[in-house]
Amino acid sequence: MRPIITLTTDFGLDDPFVGIMKGVILKIAPEASLVDITHNIEPQNIAQAALVLESAYPWFPTGTVHMLVVDPGVGGSRRPLAVHSRGYYFVAPDNGILSSVLDAEAQCYELTEKEFFLEPVSNTFHGRDVFAPSAGWIAQEKKLFDLGEKINDPQTLDVPQPVVEGRTIRGQIIYIDRFGNLTTNIGAETLHKHLVPNQKPVIQIGEKKIIGLSSSYSEAREDQPSALVNSWNRLEIFVREANAAETLGVRVGDAVSVDSNESES
């Protein structure tokens, strides 16, 4: 099978940066299939990129190389990393972007061997000079220990977790997609574990209460805030054929609670 390299960045597509990185990769690994996950991460939003990675990487064949460049610390003291975890390879800055795959079995290497970089290395474009060539060499089956030194202290993000108080789950919005749908940090497992069976949950966001969960977008009433468990297996608040973030006037970090104590109204 041809090697697969995915790209996730905050570069957008107005500038030539993404195309340049692809050119660097293809010089090293001309048979590679390059897959764009997204280049529309909010500028310098490491947490958003980490969530996108968590939702996307398992759907690729094992052995895929996932390259992420959301790198506000470029040119500074942060380390460039290559990681092998869960059957996949990851190339990214050491800024917490790989938090979801840094389990106890992950093998992490700081990219230090400059023979595998482009020279000279720009202090503003490590995506071109460090990460793209490293991803290409890994796709060509270069061993991680050839590319750098093993480390045991990669950076991780402090990802907010939902809090359970009795039968109330308190969480927050962690991601807003281009449709304005609101993904929360409340997972389906938490919902099913802590809510009363056969009783519709009450979802509170701001002043708005949503009674019960829809099974699909089409099941909900138009222009009415609703909730479901989305493809990331998390509680999502949406407005059918409209933008929930704009309708509700909310943003990432705003509180969401789920309660099973109230009767259906």
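So if each residue of separation counts as 0.36 nm, and I subtract the Cα-Cα distance between Glu115 and Ser216, what length gain in nm does that give?
Values: separation 101, 0.36 × 101 = 36.36 nm, distance 5.16 nm.
So the extension gain works out to 31.2 nm.
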Original post:
Quick one: Cα centre-to-centre distance for the range 216-256 and the range 49-86, in angstrom?
Top reply: 28 Å
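Mean residue ellipticity at 222 nm from the helices of the chain, using -39,500 (n - 2.57) per DSSP H segment of n ≥ 4 over the full residue count, to the nearest 500 deg cm²/dmol?
Numbers: 6 runs with 47 residues, N = 265.
It comes out at -4500 deg cm²/dmol, rounded to the nearest 500.
Please report, in debye to the nearest 20, how large the charge dipole of the range 1-63 is about its Cα centre when each Lys and Arg carries +1 at its beta carbon and each Asp and Glu carries -1 there.
On the way: 3 positive and 7 negative charges, 66 e Å.
In debye, rounded to 20, the range 1-63 gives about 320.
What share of the DSSP beta bridges in the chain is antiparallel, in percent to the nearest 5?
Within the chain, antiparallel bridges account for around 75 percent of the total.
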Original post:
Which angle from 0 to 90°, rounded to the nearest 10, does the C-alpha axis of helix 17-28 make with the longest principal axis of the chain?
Top reply: 50 degrees
Original post:
Hey, quick one: spin label on Arg78, modelled 7 Å out along Cα-Cβ, who in the range 104-126 has an amide N within reach, i.e. under 17 Å?
Top reply: 109-112, 122-126
Original post:
If you place +1 on the Cβ of every Lys and Arg and -1 on the Cβ of every Asp and Glu, how big does the dipole about the Cα centre of the chain come out, in debye to the nearest 20?
Top reply: 320 debye
Subject >> Inter-label distance for Asn45 and Glu207, nm, one decimal - labels placed 7 Å from Cα along Cα-to-Cβ >> reply: 2.6 nm
Original post:
Once the dipole of the range 163-259 is set up with Lys and Arg at +1 and Asp and Glu at -1 on Cβ about the Cα centre, which of His192, Gly180, Asn233 lies farthest towards its positive end?
Top reply: His192
**OP:** Any chance you could give the angle, 0 to 90 degrees and rounded to 10, that helix 46-56 forms with the longest Cα principal axis of the chain?
**Re:** 80 degrees
**OP:** List, in order, the whole-Hz ³J(HN,Hα) value for each residue of the range 227-242 obtained from phi through the Karplus relation with A = 6.51, B = -1.76, C = 1.60 and θ = phi - 60°; use x for Gly and Pro.
**Re:** 9, 7, 8, 8, 5, 8, 6, 10, 5, 10, 10, 9, 10, 4, 6, 8
Subject >> Simple spin-label estimate for Ser231 and Val159 in nanometres, 7 Å along Cα-Cβ >> reply: 1.9 nm
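For a quick protection proxy, order the peptides 135-141, 228-234 by their average other-Cβ count within 10 Å, most packed first. Walk me through the numbers before you get to the answer.
On the way: 135-141: 22.1, 228-234: 16.9.
Going by the mean number of other Cβ atoms within 10 Å, highest first, we get 135-141, 228-234.
Values in this text are rule-based calculations from the coordinates and carry no lab data. Bear in mind the structure is a predicted one, so any value in this text is a computation, not a measurement. Ideal geometry is used to build each Cβ from the backbone, glycine not excepted, and the neighbour counts take in all protein chains shown.
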